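Notes for the one structure printed next.
The values are calculated or read from the model by the stated rules, or taken from the named source; none is laboratory data. Remember, predicted model here, so these are calculated numbers, not experimental data. Don't worry about glycine lacking a Cβ; one is built from the backbone with ideal geometry, like all the others, and counts go over all protein chains shown. Note: accessible area is taken over every heavy atom of the protein model, side chains too, but ligands, DNA and RNA are not part of it. Shrake-Rupley method; radii C 1.70, N 1.55, O 1.52, S 1.80 Å.
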Amino acid sequence: MVTVVTPAPKLVGAEASVINTGSEFFVSMPLSNAGAEMAPKVFITGITLGAAQRISPQLFPVYVGQLAAGNSGVARARFRTAGLAPGQRLLLTVRGTYGSGSAQFGFVVNRYVTVPPITALPVILLRARIQATLQSAVWRYTLFNDEPTGSPHHLAALSITVAAPVSVTGTPQGWVAETDNFTYVGWLAIDEQLPYPSHVAPGASLGGFEIQSPTALSESTSCVINAWRHDTDAAGLIMTDLVATPRRAI
Amino acid sequence: MSLIFRTCLMRLFLLLATGVSILPAQAATITLDVNSLSVPVAAGNAAMFSGTITNRSGVTLESTDLFLNFSAFDFNALTPTQVLGNSPFSLLDFTFIANVDLFTVDVAAGTLAGTYGLQVFLSDVSGNVSDMTELFLVVTNDVQQIPEPSAAAVVGLSLALLVLSRRRSSGRRVLQQPI
């Protein structure tokens, strides 16, 4: 019997890179198109790892890209390790969509991953985070410096990748914004010498970062938080994550 | 170039071309055969799919070495979830396991009745992939059908409304008459 299957992309996961820090579980899985058909405009709409609680991305969708036959993208997420034990096998499930307009379809990719022994991250990351809120097409961001008291790392810059037209509508006092209104928005503390009063000290937070866009929908895009070392007066650690920004047109 | 040489060259080319064309296509090293390719399911319910997995990968595969991947489905209506691996088994090379639970598909409540397609294939830890299988979920609505009113009932209701309207109208006229 010959079975004729409607041509469709064949999205499949490859071996995932996993790191267990004891408090967080980092997972990064290549997502490739093993079929002959193009997978246009691939978005991830959900990532689960067994019953583990996800820390990041906080919001979906996350854009992967156009996956032509043989091409690949990446699905990344962070989970809490509560309840996870080294050696345990958990099902990593990535859900998403491809296509555009009225021709959008769903996909699901599964892969079992093994919880590895606890190890330190290969690079030390800045302990900082960003919180986003959306109201009436205005995205507001608050920076949190989660470094321990006495840490020399003070937050000095924030940059966000965007994929839709934006304008900067809010900048905290002592900071300056820079944007091309289409691909990035950056904020930088304008202090030029110690004690850098506009930097965000360990344990402190700073709001007032705002952007506006014609769309009212969100997606997650990458952001980078930079610190400045107040002990050596030099560039400090960085933190990269995903944050809610205006959603691109599809 | 002589005619004989050209003829020989042409024959050699044809022979090579024929040889290439009759080479068998590379068989998938893992195969997936789903028991039912078309399953009826009511909106708001889930369907369970089971099937046969054949291992010709050259190594023993554990149940958690096998992954199901889905595409080409209506994500507003269908939510496929892998259950393969929940029950452990080992699959030696050149063996198969039949009637193993593979996945469920939840059909969202309120999904319109109709036939919904879904494609699934199997992959393993070594990067082997099976052929794609296309499945169909025939979604039915369990919502009770409200019968259309008959033509006689519609005519009767219209007449009743007309009579009521005339009575109200005549009532108003009486009130407007001078005493």
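Could you list all residues from the stretch A:199-250 that are charged (D, E, K, R) and farther than 24 Å from A:Gly101 by Cβ? A:Glu210, A:Arg229, A:Asp231, A:Asp233, A:Asp241, listed by residue number.
Just one residue in the set A:Val64, A:Val108, A:Val94 is open to solvent by less than 50 Å² (accessible area, probe 1.4 Å), in a strand (DSSP E or B) and in contact (Cβ under 8 Å) with a residue 60 or more places away in the chain; that residue is A:Val94. A:Pro7 falls short on exactly one of the conditions (1) in a strand (DSSP E or B); (2) surrounded by fewer than 16 Cβ atoms within 10 Å (Cβ to Cβ); (3) of a type outside the set (Gly, Ala, Ser), and that condition is (1).
Please verify whether A:Ala235 is crowded, with 16+ Cβ neighbours inside 10 Å and assigned to a strand (DSSP E or B), treating the condition exactly as stated. Answer is no for this residue.
Pairs linking a residue in the stretch B:106-123 that is over 12 Å from A:Gly106 (Cβ atoms) to a residue that is basic (Lys, Arg) and open to solvent by 10 Å² or more (accessible area, probe 1.4 Å), with Cβ atoms under 9 Å and 6 or more positions apart or on different chains, are B:Phe121/A:Lys10; B:Ser123/A:Arg111. Quick check on my filter: what residues within the stretch B:71-88 are open to solvent by 10 Å² or more (accessible area, probe 1.4 Å), small (Gly, Ala, Ser) and more than 8 Å from chain A (Cβ to nearest Cβ)? Answer for the stretch B:71-88, where residues must be open to solvent by 10 Å² or more (accessible area, probe 1.4 Å), small (Gly, Ala, Ser) and more than 8 Å from chain A (Cβ to nearest Cβ): just B:Ser87.
Picking from A:Ala85, A:Ala77, which residue would you name as being away from every other protein chain (no Cβ under 12 Å) and within 20 Å of the chain's Cα centre (by Cα)?
Working: A:Ala85 fails: within 20 Å of the chain's Cα centre (by Cα).
Result: A:Ala77 is the single residue among A:Ala85, A:Ala77 that is away from every other protein chain (no Cβ under 12 Å) and within 20 Å of the chain's Cα centre (by Cα).
Every residue in the stretch B:101-145 that is of a type in the set (A, V, I, L, M), surrounded by 19 or more Cβ atoms within 10 Å (Cβ to Cβ) and part of a strand (DSSP E or B), please. Break it down into steps so the answer makes sense when it comes.
Within the stretch B:101-145, the first condition is being of a type in the set (A, V, I, L, M), and the residues that meet it are B:102, B:105, B:107-109, B:112-113, B:118, B:120, B:122, B:125, B:129, B:132, B:135, B:137-139, B:143.
Checking the rest, the ones that are also surrounded by 19 or more Cβ atoms within 10 Å (Cβ to Cβ) come to B:102, B:105, B:107, B:118, B:120, B:122, B:129, B:132, B:135, B:137, B:139.
Within the stretch B:101-145, B:Leu102, B:Val105, B:Val107, B:Leu118, B:Val120, B:Leu122, B:Val129, B:Leu135, B:Leu137, B:Val139 meet the criteria.
Do we find a residue being of a type in the set (A, V, I, L, M) and under 22 Å from the mean Cα position of the chain (by Cα) anywhere in the stretch A:1-10? Looking for residues that are of a type in the set (A, V, I, L, M) and under 22 Å from the mean Cα position of the chain (by Cα), one finds none in the stretch A:1-10, hence no.
Any residue at all in the stretch A:197-206 that's of a type in the set (Ser, Thr, Tyr), in contact (Cβ under 8 Å) with a residue 60 or more places away in the chain and surrounded by fewer than 19 Cβ atoms within 10 Å (Cβ to Cβ)?
Looking through the stretch A:197-206, at least one residue is of a type in the set (Ser, Thr, Tyr), in contact (Cβ under 8 Å) with a residue 60 or more places away in the chain and surrounded by fewer than 19 Cβ atoms within 10 Å (Cβ to Cβ).
Would you say B:Ala153 is at pLDDT 65 or above, open to solvent by 50 Å² or more (accessible area, probe 1.4 Å) and either outside any strand (DSSP E or B) or touching a strand residue (DSSP E or B) at 6+ places or on another chain (Cβ under 9 Å) (or both)? If you could, list the steps in order and put the result at the bottom.
On the way: at pLDDT 65 or above: no; open to solvent by 50 Å² or more (accessible area, probe 1.4 Å): yes; either outside any strand (DSSP E or B) or touching a strand residue (DSSP E or B) at 6+ places or on another chain (Cβ under 9 Å) (or both): yes.
No.
Only one of the numbered conditions (1) open to solvent by 20 Å² or more (accessible area, probe 1.4 Å); (2) within 20 Å of A:Val62 (Cβ to Cβ) is not met by A:Val123, and that is (2).
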